[in-house]
Amino acid sequence: MTSSTARQLEDGDELTDPVTGLAKALVEMDHARHAFARARAGGTSVGVVVVDIDGFGRVDEGDGWAAGDEVLCQVGRRIRSVLRDGDRVTRLSGDVFAAFCAGSDYPAAIGSLERRILDVLHAPVTFAAGTLALRVSTGTAMSPGTGSPEALAIEAEVAMRRARRQRPTARRLSDLPIGSDGRDGGRPGWSAV
């Protein structure tokens, strides 16, 4: 753990997000920095899938924060359930999650992780106020251990925003033929559901 992370945690910060129970982004970014160092040394890569729940504000506004928190918890648990050993997930902010995948080759590992996340989030979420059919946007990015985890997450978030803008022409990953990585013309970095 970096000294600044340790100092912040000593100052009373908890290790986990109080809403989802996932490790806080501060902690996960520290783990990702170590993964970057291992990737540089081992000649592998680190990838990230950023997931944003589209229209989530309507849940908080319509059903209240408790309902929104319940949905966020279920989304976090679902994402965590499809991770490989060593992969990590955190809630970056609000309704945005990031799953880090170390020791990856792109697009195979990241594409597979993205597909598993989209598949597990395809089922509606049932919570006290009702049922919500999730609509999410995802973005991916990959690094051979250069740069920073924060920059990688930003790159994936930019790809996710591009996916959202292109949604009318985007296809569901589940509708693509077997072997397709779900990307426009083989271009890495986006998909939308």
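Remark on Lys24: its backbone amide H falls under 5 Å from those of Thr16, Asp17, a criterion applied only to residues 5 or more positions apart or on other chains, H modelled at 1.01 Å from N.
The shape of the range 67-144 comes out prolate: with a ≥ b ≥ c from the C-alpha gyration tensor, a/c is at least 1.5 and a/b beats b/c.
Within the range 58-104, what whole-number % of the accessible surface is contributed by carbon and sulfur, with the 1.4 Å probe and all protein chains included in the calculation? On the range 58-104, the fraction of accessible area on carbon and sulfur atoms equals 46 percent.
In this structure the range 16-154 gives 42 Å² per residue of accessible area when probed at 1.4 Å with all protein chains present. Each residue of the range 150-162 is assigned a 3J(HN,Hα), and the resulting list reads 5, 5, 5, 5, 5, 4, 5, 5, 4, 4, 5, 5, 4 Hz, derived from the Karplus form 6.51 cos²θ - 1.76 cosθ + 1.60 (θ = phi - 60°), x at Gly and Pro.
The values are calculated or read from the model by the stated rules, or taken from the named source; none is laboratory data. These figures come from a predicted structure and were not determined experimentally. Ligands, DNA and RNA are stripped out before the accessible areas are found, and what is left, the full protein with its side chains, is counted by its heavy atoms. Shrake-Rupley method; radii C 1.70, N 1.55, O 1.52, S 1.80 Å.
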